[in-house]
Every structure is written in C-alpha cells, then in structure tokens.
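A short write-up of the structure that comes next.
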Amino acid sequence: MKTIIYGIITVCVLCVCSCSKENSAPTASVVSASEVSSSKTEIVGRQQVITIKTGDYYYPTSQALLWLPIKYDKNSEWGYPLLICLGGVGQNGSSDINILLSNGTVAKRIADGWNAEAVNPVNGRNYKFIVFSPTKDEPHSWGWSASAVKVMLNELRKKYNINNHRVYITGLSAGGWGLWSCITDDEDLCQQFAAIGPVSSAGADHPDKITNVDKYGIACWNICGTADSFYGLAVNYTNTINKNKPPISATLTGLDGVGHSAWIEAYNPNWTKNGINFYQWLLQYRKRIK
C-alpha cells in the first residue's frame, strides 16, 4: 500500500479493553511550566524538544515535541490524557524539528497559543492534554508505525503522569498509515487506545485487521475531504468497522470539496461537528482497564 500511494501523498504535501464515558474529575495541577522545564530544555513552538527511544534498529531514537499542561502536576491522582500525533510525509524526513509545525498540525495549534485542553461534553469538566508529536528523520519517511509507537508510549508512561484510561492517537495523511498499523499490527498496543482519529488518512498495510477497532471497543472518528484521493478508503474503512454493529459506531465526516488537507479543519479547536470539537470528542471515551 505504501509503495502504491506514496507518490500521491508526496504531491499533495507539496501542494499544500472497551471504552466508556468517565465521570471522575482530574486533580488540579500545581506545578508551573517553568518548574517542569529545566534551563537546558530546548523549546520550539511552546513545546519541549525531547529525544525518546523507539526500539528501531536503524533509528533507535526519535526527536519529538512534547506539550505538558501549563500547571503540570506529576503527582496528580488521575493523570493527564495523552494525545499521540503522527504526522505525514511533510512532518518527517528531516532533522529540523520545526518540520512538525506545518500548517494545521496539533503542534502548530499549540505553537500558535492553544493550550491543548477541552471540556468533556459528558461530565462538563475541563481536561488538559499531554501532547506528543514525534518525527522520523529518515529521508522520504512515512513516519513511525506500531513497533516504535509501542516503545515510545511505554517510555512516556515511565516519565510522565499519563492517565492510562485516556490514551488517544491521531494521524494525518501518512501518519494515518502509522495509526492504522497500531490497530492492525499489534493487538496488545491496539487495546491501549480509547479513541483514534485518522485524518486524510493513507491506507493500512493490513486492512483485513481494521475490525480490531470493533473487536476492542475503540471509538473512531474518520475525517477526510470529499475531494481527497483517500476519501474512498475512509468510507470503506468506516463501513468495515461498522458492519458488525460495534458497541461504538465509527463515524465518518466528509469535508465537502476539501482535498488532502482535512487536518487544517479537524485539529482547529474552533471547528466543531454536532456541537463539539475533535478534542472534546476524544474525551467522551475512556478505556476500561482490567
């Protein structure tokens, strides 16, 4: 699948465990951002630049941008929701970390002043996200996939106060391919996500395993422009997930007339569908951990 549609993505970039609804409130944060970041921490776009293990033989570490809430409490009883953001070809393939600040990415929204928080429409409470945006500097890279995401997620859990009931992942363009690999290639990893958000997503290497979304009760919101060459895949994958009437129906939002750039709207906290934005939608879902 990567070989077949790599050219499409490159052209486009150049052109432009089950889930339930939680009623518990997070503990108030008490640590300032300056206390979290040491004087040696590099800051780009209001986010920390970190290096993290990937488990990959050729690229054993990854640079990433990490956003911690303004008042981050490492001892908070409930921890913080984690949003993993996988970029596309335009956010990979370079050692320049600024590549993650491409137009419309979640990292760019944070750089522009958004504090990565949202009100859960279920319980009316405000939640502050930890946001993790990795990049892979391999030339012409599609970014990270399941094996590396699993290692990086474990590393993040060791270092930061993450609410394991609220681990979310989104991927744009080729990053959607990486997202789908986390669902289809490793069922243990798959079960750790409460909700997923593929946006303008490239196709999966193993589409026959897309039904793991249904199997493990994961919420899925697929967002894609109707003029995007990947829109047909978005329709097909959503229908595949829903064919067995899952406990949480997958949702597809087609942005009328939009090409390969749906993330510009999807990740905008001011863009809403049915009265809620993407981040509020995520917060409706939490993973029941046995």
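Summary of values
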{"quantity": "Residue match in the stretch 262-274 (condition: over 25 Å from VAL122 (Cα atoms), part of a loop (DSSP other than H, G, I, E, B), out of contact with any Pro (no Cβ under 8 Å at 6 or more places or on another chain) and not β-branched (Val, Ile, Thr))", "calculated": "yes"}
{"quantity": "Residue within the stretch 98-118 that is over 25 Å from THR272 (Cα atoms), more than 15 Å from the chain's Cα centre (by Cα) and not aromatic (Phe, Trp, Tyr) present", "calculated": "yes"}
{"quantity": "Residue count, the stretch 200-217 (criterion: in contact with a strand residue (DSSP E or B) (Cβ under 6 Å, 6 or more places away or on another chain) and either of a type in the set (Lys, Arg) or over 15 Å from GLY257 (Cα atoms) (or both))", "calculated": "2"}
{"quantity": "Among (1) among the small types (Gly, Ala, Ser); (2) under 25 Å from ALA148 (Cβ atoms); (3) part of a loop (DSSP other than H, G, I, E, B), the one test that GLY90 misses", "calculated": "(3)"}
{"quantity": "Qualifying residue in the stretch 231-249 (condition: part of a strand (DSSP E or B) and surrounded by fewer than 21 Cβ atoms within 10 Å (Cβ to Cβ))", "calculated": "no"}
{"quantity": "ASN244, sole failed condition from (1) in contact with a helix residue (DSSP H, G or I) (Cβ under 7 Å, 6 or more places away or on another chain); (2) under 26 Å from ASP188 (Cα atoms); (3) modelled with pLDDT of 95 or more", "calculated": "(3)"}
{"quantity": "Condition broken by SER261, with the remaining ones in (1) surrounded by fewer than 19 Cβ atoms within 10 Å (Cβ to Cβ); (2) of a type in the set (S, T, N, Q); (3) over 27 Å from HIS165 (Cβ atoms) satisfied", "calculated": "(1)"}
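The values are calculated or read from the model by the stated rules, or taken from the named source; none is laboratory data. Here the structure is a predicted model, which is why all the values come from computation and not from measurement. Every residue, glycine as well, gets a Cβ built from its backbone with ideal geometry; the counts of neighbours run over all protein chains shown.
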